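Notes to accompany the following structure.
The numbers here are math on the coordinates, done by the rules we state, and not lab data. Since we're looking at a predicted model, the values are computed, not measured. For neighbour counting, all protein chains shown are included, and Cβ atoms are generated from backbone atoms with ideal geometry for every residue, glycine included.
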Amino acid sequence: MWYAAIEFDILLGAVGSRKAKRSAVRPIIAEIRRRFEVSVAEVGHLDLHRRALIGVVVTAADSARVIQVLDDVERHVAWLPEIDLLSTRRHVHHIED
């Protein structure tokens, strides 16, 4: 079994409160989860208004599949008009690593 994770450090638009931040981040997370059938959550920058760190995890039987899913998710997030993608970080592992 292979598993992989990717983190997206994103900058949100005109967000002035944590409530407004949740309103902006929640639909992004829901769309990623629905479209790609992966586990996804806000995992960092929780106290910052305009920044969010979103983590995505996927498992599959082979490394090519997990890499393909990460590539697809990254492409999708990069094209979202409501955010600026500052950076990504990914990890790919085999269960026996």
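Structure notes:
- With a cut-off of 15 Å between beta carbons, the residues surrounding ARG18 carry a summed charge of +4, where Lys and Arg count +1 and Asp and Glu -1.
- Inter-label distance, SER87 to PHE36: 1.9 nm, where each label sits 7 Å from its Cα along the C-beta direction.
- Kirkwood Rh in Å, taken over all unlike Cα pairs in the range 17-97: 13.7 Å
- C-alpha long axis of helix 18-36 to longest principal axis of the chain, angle in °: 30 degrees
- A helix-only calculation puts the chain at -12000 deg cm²/dmol for mean residue ellipticity at 222 nm, using -39500 (n - 2.57) for each DSSP H run of at least four residues, averaged over all residues.
- Relative to the longest principal axis of the Cα atoms of the chain, helix 63-78 runs at roughly 20 degrees.
- Charged side chains reduced to their Cβ positions (Lys and Arg at +1, Asp and Glu at -1) give the chain a dipole of some 560 debye around its Cα centre.
- Residue-count net charge about ARG50 - beta-carbon cut-off 11 Å; Lys, Arg +1, Asp, Glu -1: +2
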